[in-house]
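What follows is a single structure, written as structure tokens, with notes after it.
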Amino acid sequence: QVQLVESGGGLVQPGGSLRLSCAASGIVFRTYVMAWFRQAPGKQRELVAYITADGSSHYEDSVQGRFTISRDNDKNTMYLQMNSLKPGDTAIYYCTIFGGSLWGRGTSVTVSS
């Protein structure tokens with residue numbers, strides 16, 4: 001079955017950390033550029049970060065220095081380590097094949113005191 005499944009979201013206080021995971025199945029994961037997007041309430045979905053097949057990464061300006069994207073090709077899994085979280089990071093976080101049409105169902109992140 002071809003799918004992407006996100007996990008690791010939750011409620012965290014400002015300044016806290018979360019680690020999101022994206023487990024892929026049914027695709028040749030190691031060959032794809034993978035990405036994290038997020039959609040905050042009332043806003044459009046936006047790119048957070050992407051990682052190439054060889055591990056090069058790119059970040060949206062607002063998360064640069066706070067978030068780290070990584071992948072484990074042996075486990076068909078991508079990660080997003082999120083540190084120094086802010087209320088503005090509150091959103092549903094989705095993983096996807098960058099430029100493709102396969103999306104996970106998302107995991108909710110809420111940053112609030």
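The values are calculated or read from the model by the stated rules, or taken from the named source; none is laboratory data. Everything numeric here is computed off the predicted structure, so don't read it as measured data. A quick note on method: Cβ atoms are made from the backbone with ideal geometry, for glycine too, and the neighbour counts reach across all protein chains shown. Surface accessibility is based on the protein's heavy atoms, side chains included, excluding ligands, DNA and RNA. Shrake-Rupley method; radii C 1.70, N 1.55, O 1.52, S 1.80 Å.
Just checking the listed ones, Ser25, Ser62, Ser70: in the Gaussian network model of the chain with Cα springs under 10 Å, the one fluctuating most is Ser62. Near the amide H of Lys86, within less than 5 Å, lie the amide hydrogens of Gly15, all on another chain or at least 5 residues away, with H placed in the peptide plane. Using Cβ point charges alone (K and R +1, D and E -1), the dipole size of the chain about the Cα centre works out to roughly 180 debye.
Couplings 3J(HN,Hα) for the stretch 79-88, derived from phi with the Karplus relation 6.51 cos²θ - 1.76 cosθ + 1.60 (θ = phi - 60°), are 10, 9, 8, 10, 10, 6, 5, 10, x, x Hz, where x marks Gly and Pro. Looking at the chain, the accessible area is 53 square angstrom per residue; that uses a 1.4 Å probe and ignores ligands, DNA and RNA.
Among the trypsin sites (Lys or Arg not before Pro) in the stretch 33-113, those placed in a DSSP loop whose Cβ has at most 10 other Cβ atoms within 10 Å are Lys43. For the chain, modelled as a GNM with alpha-carbon contacts under 10 angstrom, which of Gly99, Gly15, Gly42 fluctuates the most? Of Gly99, Gly15, Gly42, the most mobile in the Gaussian network model is Gly42.
Summarising the label geometry, the points placed 7 Å from Cα in the beta-carbon direction at Ser101 and Asp54 lie 3.0 nm from one another.
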